[in-house]
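To start, the structure under review is shown below, and the notes come after it.
Read the figures in this text as sums done on the coordinates, not as results from a lab. Please read these numbers as outputs of a predicted model, since none were measured by experiment. Glycine also receives a Cβ, built like all others from the backbone with ideal geometry; neighbour counts cover every protein chain displayed.
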Amino acid sequence: MPRRIDTYLEKLLPEDKLDFYGVVRDFSDSEIAPKLLGWEREHILVPDDAIAKMAELGLFGLPIEERYGGQGGDHTDLVLMGLALGYHSHSVAITPGAAISLGAKPVQLCGTEAQKSEHLPDLAAGKRMFVFGLSEPGRGSDAANPQVTAKKTANGWVLSGEKCWSTNAAWSSHVVVHALTNPDGPNGKRSTCLIVPMDANGVHYQEMSGKKVWQQSSTGSIVFDGVEVPHDAVLGEENGGFKVMVTTLNGGRLFIAALALSSLAFALDKTRQYAEERIQFHDKPIGRFQRVQDVIIDMDIALERGLYWLLQLCREFEAGTITRESAAKVKVDCSRSASELVALAMEVCGGVACLDEFGLIRHHDDLFVTRVGEGSNFALKDLIVRPLRDV
Ligand SMILES: Cc1cc2nc3c(=O)[nH]c(=O)nc-3n(C[C@H](O)[C@H](O)[C@H](O)COP(=O)(O)OP(=O)(O)OC[C@H]3O[C@@H](n4cnc5c(N)ncnc54)[C@H](O)[C@@H]3O)c2cc1C
């Protein structure tokens, strides 16, 4: 059965983008889908050889300029990768996804030429990964006011405190730490981003345990115990950490929206197939029931609408015209509608939907992260409402 999402993408994309999407989709079908259940049941993170294969495909360097060894692509490519890999597994998709949108992007957009030359070639090749260290045990939605501190000394900076929920921490060479550097400064001018090697003295990482979502994705807690870094570790401007954070999150939220739509695309295909194959009540498929059809139609509408919107915002991101509100809105809408509809899709499929091998329960659980991650939807509404109050 052809994927419904492909029929929309065929209308929306030029040939080269469609070809790229097809390559990643086929890789996802052949290299990820058959192995996923085994990884889940064995409770293992995305294996090194799968990461190496994604690196071979060039996925870690998608939007990085060719002069730094990247593919010279754009944010649309990143989102297409999210749609293709996320269809089977958010955990797999977020591995290159976060490595790019939260790891390499801030260096690309805010780094000095020296930082770009030092890091981008290895990031593009998937030989190193950067973690984006924003969230802390005591700071989630209020990430603009970190409790991790960086104190300036004659030789550079000394960092203390803890970051958590750091995606890709297990595989990362460096963490971009958003730290308090100017406690008495005005709003948006209190923090600085610093590039810290994971093997620096005083950096202690451990994998967070007990996580039941994105189960093959690495999520770490990183403690900084008097970690010293030189002056040139600053990414962006001193006390300009908020700007780095906002620039990074706009792109990241589009990727999260893509993951939500990938779940919707999977659930739509799974449900329409099941609704035709499940025969009861005098040899009728359950797809003949109007209430079942309603769920399928609503998924189809939400998917088409979300794709048009998301791909338009990718163009705005590339043009530098995207607003924080629009990136937040598409993330809120896609994650909310996908979450509601995938729960209904499970109901349409009945008991079988709660089996891991059926696939829907994985998407149902993983969608939670799309509602809470990169700004929880509730908190993002504070942002979205601002222009509406401006009357
Ligand atoms: C699997 C996973 C991966 C992650 N990866 C990363 C990563 O790589 N890097 C990183 O820095 N962080 C990461 N995060 C953290 C994520 O960004 C935070 O979970 C998110 O910002 C919310 O913070 P919190 O969980 O501390 O919730 P809190 O800030 O404690 O908020 C809890 C709830 O309170 C409500 N709330 C909070 N503020 C408001 C408000 N202003 N208005 C209305 N309601 C509000 C919301 O319902 C919110 O969900 C990850 C999280 C998960 C689960």
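When each of the peptides 273-282, 50-59 is scored by how many other beta carbons lie within 10 Å of its residues on average, the order from highest to lowest is 50-59, 273-282.
Computed from point charges on the beta carbon alone (+1 for Lys and Arg, -1 for Asp and Glu), the dipole magnitude for the chain about its Cα centre is near 980 Debye. Return the Rg/Rh ratio of the chain with Cα-based radii and a Kirkwood Rh. Checking Rg against Rh, the ratio lands at 0.99.
Normalised by 2.2 N^0.38 Å, where N is the number of residues, the C-alpha radius of gyration of the range 62-199 stands at 1.10.
Starting from the Kirkwood Rh over alpha-carbon pairs, what translational D in µm² s⁻¹ does the range 130-239 have by Stokes-Einstein at 20 °C and 1.002 mPa s? For the chosen part, D equals 154 µm²/s.
Each Lys and Arg adds +1 at its Cβ and each Asp and Glu adds -1 at its Cβ; summed about the Cα centre, the range 288-359 shows a dipole of about 200 debye. The HN-Hα couplings worked out from phi for the range 102-113 by the Karplus form 6.51 cos²θ - 1.76 cosθ + 1.60 (θ = phi - 60°) are 9, x, 6, 4, x, 5, 4, 8, 10, x, 7, 4 Hz, whole numbers, x standing for Gly and Pro.
Entry note, the chain: the mean residue ellipticity at 222 nm calculated from DSSP H runs of n ≥ 4, each adding -39500 (n - 2.57), is -16500 deg cm²/dmol after division by the residues and rounding to the nearest 500. If you take the Cα centroid of the range 305-322 and the Cα centroid of the range 106-179, the two points sit 27 Å apart.
Roughly what % of DSSP beta bridges within the chain run antiparallel, to the nearest 5?
Of all bridge pairs located within the chain, approximately 85 percent are antiparallel.
Net charge in the neighbourhood of residue 16 (other residues with Cβ under 14 Å of its Cβ; Lys, Arg +1, Asp, Glu -1) is -4.
Once the C-beta distance of residue 74 and residue 368 is scaled by a Förster radius of 35 Å, the resulting FRET efficiency is 0.75 to the nearest 0.05. Going from the fewest other Cβ atoms within 10 Å to the most, the residues 247, 95 appear in the order 247, 95. When each of 366, 142, 122 is scored by the number of other beta-carbon atoms lying within 10 Å, the sequence from fewest to most is 142, 122, 366. Each Lys or Arg adds one and each Asp or Glu subtracts one; over the other residues with Cβ under 15 Å from the Cβ of residue 67, this totals -4. Any idea what % of Cα-Cα pairs in the range 1-80 are farther than 19 Å? So the pairs more than 19 Å apart make up 47 percent of the total in the range 1-80.
Highest mean packing comes first when the peptides 8-14, 107-113 are listed by Cβ atoms within 10 Å, giving 107-113, 8-14. A simple rule links phi to the HN-Hα coupling: the Karplus curve 6.51 cos²θ - 1.76 cosθ + 1.60 with θ = phi - 60°, which for the range 278-291 gives 7, 9, 8, 6, 6, 6, 9, x, 5, x, 7, 7, 5, 5 Hz, with x for Gly and Pro. Here the contact order of the range 89-210, divided by its residue count and restricted to Cα pairs under 8 Å and six or more residues apart, works out to 21 percent. For the range 210-272, the mean projected area of the C-alpha convex hull, equal to one quarter of the hull surface, is 7.1 nm².
Within the range 165-207, the proportion of Cα pairs with more than 17 Å between them is 42 percent.
As a size descriptor, the averaged projected area of the C-alpha convex hull of the range 236-391 was calculated at 11.5 nm².
Over the chain, what is the mean sequence separation of C-alpha contacts under 8 Å (at least six apart), divided by residue count, expressed as relative contact order in percent? Value for the chain: 16 percent. Evaluated with a Cβ-only charge set (Lys, Arg +1; Asp, Glu -1), the range 160-255 carries a dipole of roughly 540 debye about its Cα centre, given to the nearest 20. The residue among 377, 18, 274 whose Cα reaches farthest toward the positive pole of the charge dipole of the chain, with charges on the beta-carbon of Lys, Arg, Asp and Glu, is 377.
For the range 4-124, the tally of Lys pairs with Cα-Cα distances below 21 Å comes to 4, considering only residues 8 or more apart or on different chains.
Taking a straight line from the alpha carbon of residue 189, these aspartates and glutamates sit under 13 Å away, with near neighbours fewer than eight places off in the same chain left out: 237, 238.
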